[in-house]
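Reviewing the structure listed below.
The values are calculated or read from the model by the stated rules, or taken from the named source; none is laboratory data. Just so you know, these numbers come straight off a predicted model, no measurement behind them. Here Cβ is always computed from backbone atoms with ideal geometry, including for glycine, and neighbour counts include all displayed protein chains. The area values use the complete protein model at the heavy-atom level, side chains included, leaving out ligands, DNA and RNA. Shrake-Rupley method; radii C 1.70, N 1.55, O 1.52, S 1.80 Å.
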Amino acid sequence: MELLAMGLAFDCLELAPRRAIHHAAPGHPLGLESVPDGEVVVLQPGPHLIDGAGMLPVVRMLAGLGVALSTLPGALAVCWGPAGTCMAPDYYQRVVGNWLVGGAFPALGLTMLNRTADGAMESRGLAFMTGQELRFEPAAGISPQQAGQIALRLVHVLVEHGPVLTAQALSGPAGEHLRAEPDGPVLRVRM
């Protein structure tokens, strides 16, 4: 089935009833205790949008269609492939709906942050929209909560303004001085 939103066509696949399946690598459940078993419906940009699937207007439309579909009776979860996330419908509706009306980008949903063994924060799914993943290396003495807040803010800034192509200074949410340096497909940010 094809869905049209603001002149953009999206394909809705796997609509025929099938047996329940469990996702092999569901990633991070958000607002859920675990990833539910169930039939999977796939929503993706149509063939004419594939090359621009990560462009912000396309992502916004796709995410908005996901909000509408997540309100259907029986919806168990919304999965966002690039980030490897699986969200409760009400969580998805809240964080994505807020973004669509001008709020902060849902960095814990349409992207994901993972803490590495050395204390850095690394994004997953950000490259889908910017061509870069983020690696934030906090200074000694920064709590995991503070590091997470700074990383979330950086994701929001990168989605809104695009990739960082040259080394530059950035500011954290509380005015922290940060240094961003592109390193191939990764943007390294240090305090």
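Pairing the Cα long axis of helix 144-161 with the longest principal axis of the chain, what angle in degrees results, from 0 to 90 and rounded to the nearest 10?
Long axis of 144-161 versus the principal axis of the chain: about 70 degrees.
Using the Karplus curve 6.51 cos²θ - 1.76 cosθ + 1.60 with θ = phi - 60°, what ³J(HN,Hα) values do you get for each residue of segment 116-127, in whole Hz, with x for Gly and Pro?
So the J values, rounded to whole Hz, are 8, 4, 8, x, 6, 10, 10, 8, 9, x, 5, 4.
Net charge within 12 Å of Ala77 by Cβ-Cβ distance, Lys/Arg positive one each and Asp/Glu negative one each, not counting Ala77 itself?
Computed value for this residue: -4.
Please report the antiparallel percentage of the DSSP beta bridges confined to the chain, to the nearest 5.
Roughly 75 percent of the beta bridges in the chain run antiparallel, per DSSP.
Using a simple charge model, +1 on the beta-carbon of Lys and Arg, -1 on the beta-carbon of Asp and Glu, nothing else, what dipole does the chain show about its Cα centre, in debye to the nearest 20?
260 debye
In Å, what Rg and Dmax follow from the Cα atoms of the chain?
17.4, 53
First select every other residue whose beta carbon is under 14 angstrom from the beta carbon of Leu100; then total the charges, Lys and Arg +1, Asp and Glu -1.
+1
Taking the Cβ-Cβ separation of Ala139 and Leu56 as r and a Förster radius of 30 Å, what is the calculated FRET efficiency to the nearest 0.05?
E(calc), rounded to 0.05, equals 0.45.
With a cut-off of 20 Å, note down the residues of segment 154-178 whose backbone N falls inside the zone around a label point 7 Å from the Cα of Met6 toward its beta carbon.
156-163
Cα axis of helix 89-100 to longest principal axis of the chain: angle in degrees, 0 to 90, nearest 10?
60 degrees
Residue farthest toward the positive end of the dipole of the chain, with Cβ of Lys/Arg at +1 and Asp/Glu at -1: which of Gly7, Ser70, Met112?
Met112
So if each residue of separation counts as 0.36 nm, and I subtract the Cα-Cα distance between Gln149 and Ala68, what length gain in nm does that give?
26.3 nm
Carbon-plus-sulfur fraction of the accessible area of the chain, 1.4 Å probe, in percent? It would help to have the intermediate numbers written out before the result.
Working: 5760 of 10070 Å².
C and S fraction of accessible area: 57 percent.
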